[in-house]
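This report refers to the structure that appears directly beneath it.
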Amino acid sequence: MKNDNTSLSPGFLPGDSTDAGRRIVEAATVEEAAEHLRDARFDTAHDEMRRYASDAIIAGNAPHATDALTAIDAVMAIAPDADNPDIADKRTAIKQVLTALHLSQNRHAEAMQTAADALNMLAANPKRRDEAFLSMLAALLHDVALLHSARGEYRQAEREVEKSMKILERLARTEPDRYASALVMAQASVTQVMHSRLKQANLLAHTQAAVETYMALVAAKAPDATDRLVDSLAEEGRTLARMDKHRQAVQYYTRALKYLVGIEPEMTLRQLTLSIDLGESLLYIKGQREKGVHLLNTMLHKATRLGADEEHRRIVEVLLNANTRRLDILGLWHKLFPR
């Protein structure tokens, strides 16, 4: 499956400049594009590379962008000022962007190689803690976490996404306009990457306060990031519900709905579906049944107003099941075969 949750996802980008990446597209030669990136400020050059690659993925031109950035890196590597720290940072940024490009194309071996190249470049100055260093490291760790998860190497992936989020949380404190959406996107990746539900819950709880601080800003500036987080939390809630872990599912549904209302203030089909999920899980929690019935009855009227016939039928079915006393198979088993 193609990975569309990399650091090149639109929700991960600052999104301030609509022209970012145009100079690379419009360059007549690879040498001209390399010269432009060499002369630009680091953050400008990094944004242009990322936007260029992101637009290419969306347009289905990821292989072309991969070849172009690889060629630009080769030109910069043999330039007279190739040892300049600023040029070294820009080459590291190219490797970081190439990692995400490879990952978006399911080219895992190539992604691992460019990630290793970038990390080796960063390791040349391990005591650095400036913004350029941290931003590249956070993006790399985010993508490598996705890569390790895709390869079934979950323990490594968990450590990497946790470290990425800590770095992004630090960056967002000083520059929320630039990094808050990346923090939200990284949190959306937690449910995808972390297979230990205890670690997942602990990390989400630890970062919840930070994410809550920036949600209004992110909803306004980068709704894609909020959108992805809502989907991630909702899907995890459904997974937990299928496992009969309804109390935990309710926590995920509640957060997903809270964030969804931030980008969709009016009732939508998506809100309706998520509210039905929440109401159904509440029915299975001791002391929460009446709350679930009330919510589902409220959603019945919302479904009628929205003309959502399928959702209306689902609510009726859930309520009918709730009012029909089900056989407690496990309880009967213990009566027949006491411990």
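Observations
- Residue satisfying condition, being open to solvent by 20 Å² or more (accessible area, probe 1.4 Å) and modelled with pLDDT of 95 or more, within set 136, 112: 112
- Scan segment 63-100 for residues that are small (Gly, Ala, Ser) and under 18 Å from residue 22 (Cβ atoms) and the total you get is 3.
- Qualifying residue in segment 138-157 (condition: assigned to a helix (DSSP H, G or I) and more than 22 Å from residue 195 (Cβ to Cβ)): yes
- Check on residue 199, under 19 Å from residue 132 (Cα atoms), outside any loop (DSSP other than H, G, I, E, B) and open to solvent by 10 Å² or more (accessible area, probe 1.4 Å): no
- In the set (1) touching a residue at least 24 places away in the same chain (Cβ under 8 Å); (2) among the β-branched types (Val, Ile, Thr); (3) more than 25 Å from residue 243 (Cβ to Cβ), residue 273 fails one condition alone, (3).
- Filter result for residue 122 (within 22 Å of residue 232 (Cβ to Cβ) and either modelled with pLDDT of 90 or more or in the same structural domain as residue 240 (by the TED database) (or both)): no
- The residue that is most open to solvent (accessible area, probe 1.4 Å), counting only those in segment 302-334 that are at pLDDT below 55 and in a helix (DSSP H, G or I), is 333.
- In the set 222, 234, only one residue is crowded, with 20+ Cβ neighbours inside 10 Å, modelled with pLDDT under 90 and of a type in the set (A, V, I, L, M, F, W, C); that residue is 222.
- Residue 272 fulfils the conditions (1) part of a helix (DSSP H, G or I); (2) open to solvent by 20 Å² or more (accessible area, probe 1.4 Å) except for a single criterion, (2).
- Summed over segment 58-76, residues that are within 18 Å of residue 105 (Cα to Cα) and either open to solvent by 40 Å² or more (accessible area, probe 1.4 Å) or polar (S, T, N, Q) (or both) total 9.
- Leading residue by the ranking (nearest to residue 279 (Cα to Cα)) among those in segment 247-261 that are over 18 Å from the mean Cα position of the chain (by Cα) and surrounded by 20 or more Cβ atoms within 10 Å (Cβ to Cβ): 250
- Every residue from segment 17-57 that is without any contact (Cβ under 8 Å) to a residue 40 or more places away in the chain, within 22 Å of residue 77 (Cβ to Cβ) and open to solvent by 80 Å² or more (accessible area, probe 1.4 Å): 23, 28, 32, 35, 39, 41
- Of residues in segment 99-132 being touching a residue at least 40 places away in the same chain (Cβ under 8 Å) and in a helix (DSSP H, G or I), the one farthest from residue 168 (Cα to Cα): 108
- Qualifying residue in segment 70-89 (condition: within 25 Å of residue 5 (Cβ to Cβ), among the aliphatic types (A, V, I, L, M) and in a helix (DSSP H, G or I)): no
The values are calculated or read from the model by the stated rules, or taken from the named source; none is laboratory data. Treat the numbers as computed from the prediction; the structure is a model and nothing was measured. Positions of Cβ are generated from backbone atoms using ideal geometry, with glycine treated the same way; all protein chains shown enter the neighbour counts. The area values use the complete protein model at the heavy-atom level, side chains included, leaving out ligands, DNA and RNA. Shrake-Rupley method; radii C 1.70, N 1.55, O 1.52, S 1.80 Å.
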